[in-house]
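*Asks:* Got a structure for you, written out below as C-alpha cells; questions coming shortly.
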C-alpha cells in the first residue's frame, strides 16, 4: 500500500508550493527539472485597491536530492542579496508583437525565492508544483498573446532546464471568468 504525504505552503510573495512524497523511493536526477503545468488569468483588485489582471502560472519541478528552496536566513555567501543566487526562481515574460515573441521589459523582474522545502524521512526526492501569482496593471500588455520562460536553481546551485509555457491569449483567459 502506498502512503502519500501532501503539504501545501502559502507564501506572502504569491508563490504556492505543493508536493507529495511517496514512501516508495522515486528517483529523479539531482539536477532539478521544471515544466509548464497550467495558467489562469482573472480581473481582480490588488491590496492597494487597484484593478489588475491576476495571472497564476503553475510549474512542476522534480529534484533527486531534494535541495529546493531557500530559508529567509539564506542571505550570505552564494545567497547574498547581490548574488545571482539570492533568488532561485526566474520567470521571463514575452509578448507576441508582429508575429514574434519579444521579451517584455519589466520595472521589477519576475525573480523569486522559493521557500525552503525539507524532504521528510530517508527519501530525498521531491516532486512539487509551484504556483506564482503575478499582478499586472491594466495597460501592461501591448499584445493579447504572452509566453513565459522559467528556470530555477537548487541549493547546490544546479540550474534546471529552461521551460516555457505555450502561447497564452490573455483575452481567452479573462473571458473564462
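The values are calculated or read from the model by the stated rules, or taken from the named source; none is laboratory data. The model shown is predicted, which means the values in this text are computed figures rather than measured ones. Every residue, glycine as well, gets a Cβ built from its backbone with ideal geometry; the counts of neighbours run over all protein chains shown.
*Asks:* If residue 81 satisfies every condition in (1) out of contact with any strand residue (DSSP E or B) (no Cβ under 8 Å at 6 or more places or on another chain); (2) outside any loop (DSSP other than H, G, I, E, B) but one, which is the exception?
*Replies:* So the condition that residue 81 fails would be (2).
*Asks:* From 152, 93, grab the single residue that is crowded, with 18+ Cβ neighbours inside 10 Å, modelled with pLDDT of 95 or more, under 16 Å from the mean Cα position of the chain (by Cα) and within 30 Å of residue 175 (Cα to Cα).
*Replies:* Matching residue, one of 152, 93: 93.
*Asks:* Exactly one of (1) surrounded by 15 or more Cβ atoms within 10 Å (Cβ to Cβ); (2) at pLDDT 90 or above; (3) closer than 22 Å to residue 126 by Cα is unmet by residue 19. Its number?
*Replies:* Looking at each condition in turn, residue 19 falls short on (2).
*Asks:* Look through region 29-60, keep the residues that are within 27 Å of residue 155 (Cβ to Cβ) and not in a strand (DSSP E or B), and return whichever of them is nearest to the chain's Cα centre (by Cα).
*Replies:* So the residue we want is 32.
*Asks:* Quick one: how many residues across region 126-149 are surrounded by 12 or more Cβ atoms within 10 Å (Cβ to Cβ) and part of a strand (DSSP E or B)?
*Replies:* Of the residues in region 126-149, 16 are surrounded by 12 or more Cβ atoms within 10 Å (Cβ to Cβ) and part of a strand (DSSP E or B).
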